[in-house]
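Accompanying notes for the structure given below.
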Amino acid sequence: MDDLAWLRLACELAALCPPSQTAFSVGAVVVGADGREIVRGYSRENDPHDHAEESALKKTAADLRGTTIYSSLEPCGERKSRPLTCTDLILRAGIGRVVFAWREPSLFVEGQGVERLLAAGVEVVELPEPADLARLPNAHLL
Ligand SMILES: [Zn+2]
């Protein structure tokens with residue numbers, strides 16, 4: 001699968017999120033350098049405060065250095081629900097590349113995820129083609 005196919009999968013996972021009036025529905029997939037999926041997750045999968053990237057990362061103990069995370073929404077660089085943002089978690093895991101579809105609208109917090117990841121040397125790719133798919137489960141928030 002190429003970047004677009006993985007990102008589409010992440011966007012499809014967003015549709016599985018339990019609905020919320022106060023948080024986005026997001027899907028995320030981590031893929032190894034060998035092109036195989038390592039883990040996936042979505043918002044509120046096991047806990048009402050879980051973000052998609054967080055939910056995926058907490059399910060694996062694998063070494064994620066050199067992997068790519070695909071997320072339907074820009075990883076958060078600021079959040080209210082927990083001290084560590086998804087940007088922090090991605091940096092901590094050593095993930096080298098982030099591909100996302102939809103830049104976080106300034107609805108709940110200011111984004112800044114992309115800027116922080118770039119500043120830390122992570123490769124960030126915005127592929128807006130599936131952004132409509134990413135927005136679909138969030139239509140009630142927009
Ligand atoms: Zn987040």
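So here's what we get for this one:
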item	result
Share of carbon and sulfur in the accessible heavy-atom surface of the chain [1.4 Å probe, %]	52 percent
Residue-normalised accessible area of the chain, expressed per residue, 1.4 Å probe, Å²	47 Å²
Length released on extending from Arg103 to Ala120, taking residue separation times 0.36 nm less the Cα-Cα span	4.3 nm
Nearest-20 debye value, region 1-88 charge dipole, Cβ charges on Lys, Arg, Asp, Glu	220 debye
Calculated FRET value between His140 and Asp34, using beta carbons and R₀ = 25 Å, to 0.05	0.05
Positive-end residue of Thr22, Leu117, Thr67, charge dipole of the chain with Cβ unit charges	Thr22
Given 16 as the ceiling on other Cβ atoms within 10 Å, longest exposed-site-free region of the chain for GluC sites (Glu not before Pro) in DSSP loops	1-77
Percent breakdown of C-alpha pair distances by 5 Å bin, ordered from the shortest bin, for the chain	2, 12, 23, 27, 22, 11, 3, 0
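The values are calculated or read from the model by the stated rules, or taken from the named source; none is laboratory data. All of these numbers come straight from a predicted model, not from anything done at the bench. Note: ideal-geometry Cβ built from the backbone for every residue, glycine included; neighbour counts use all protein chains shown. The accessibility values were calculated without ligands, DNA or RNA, using every heavy atom of the protein model including side chains. Shrake-Rupley method; radii C 1.70, N 1.55, O 1.52, S 1.80 Å.
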